[in-house]
Amino acid sequence: MPAALAAYAGAGERGAPYELLAEREDGTVVRCGEIVAKAHAGDSDRADLAVRMRIAADEALAGVLLAPLRPEVGDLGGRPVSLWPYGAPVDPERPEDAPWEAAGRLLAALHQVPLHRLPGPVPPMRGPAKLARALRRLYRATAPGAVR
């Protein structure tokens, strides 16, 4: 999947190498220069993802959210795919470096955008479903007889 995802992002056209940033059941992410491609979980709600992509790309959120390179959801091997500009992540070895003050400003800016200005309706939050998936992965990894 990583090589196919990099090709989807155009790495093959430019002959650029790619970097695998994450490969999990819920998503595969590769970086190709200044482009990041994400293959979302195969069981993602595509309609909700399409709305989230349109919202992230909407002019009302320009300067607030990182907009996708394409507002539509692609498909690769039966998985939904999105393309984004690269942004520097927080180093997982240094979580104390997370930009909490900037995150607070981001949250405040998001709350200033009237919902009726966004292409919606806004889908329900995915937090509970993502937490349930993470707990299932954790259980499988720590269950007796799990391969480590």
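Some points to look at:
- Å² of accessible area per residue within the chain, as computed with a 1.4 Å probe and no ligands counted: 66
- Within the accessible surface of region 1-142, defined with a 1.4 Å probe on protein heavy atoms only, the carbon and sulfur portion equals 60 percent.
- Computed about the Cα centre, the dipole magnitude for region 1-142 is approximately 400 debye when only Lys and Arg (+1) and Asp and Glu (-1) carry charge, each at its Cβ.
- Residues whose amide H comes within less than 5 Å of that of Arg70, counting only those at least five positions distant or on another chain, are Leu83 (H built at 1.01 Å from N in the peptide plane).
- Where GluC sites (Glu not before Pro) fall in DSSP loop in region 90-130, at most 12 other Cβ within 10 Å: Glu93
- Long-range amide H partners of Ile35 with built H, under 5 Å: Tyr86
- Relative contact order (%) - the chain, alpha-carbon pairs under 8 angstrom, separation at least six: 18
The values are calculated or read from the model by the stated rules, or taken from the named source; none is laboratory data. Please read all numbers here as calculations on a predicted model, not as lab measurements. With ideal geometry, Cβ positions are generated from the backbone for all residues, glycine too; neighbour counts draw on all protein chains shown. Heavy atoms of the whole protein, side chains included, go into the accessibility calculation; ligands, DNA and RNA do not. Shrake-Rupley method; radii C 1.70, N 1.55, O 1.52, S 1.80 Å.
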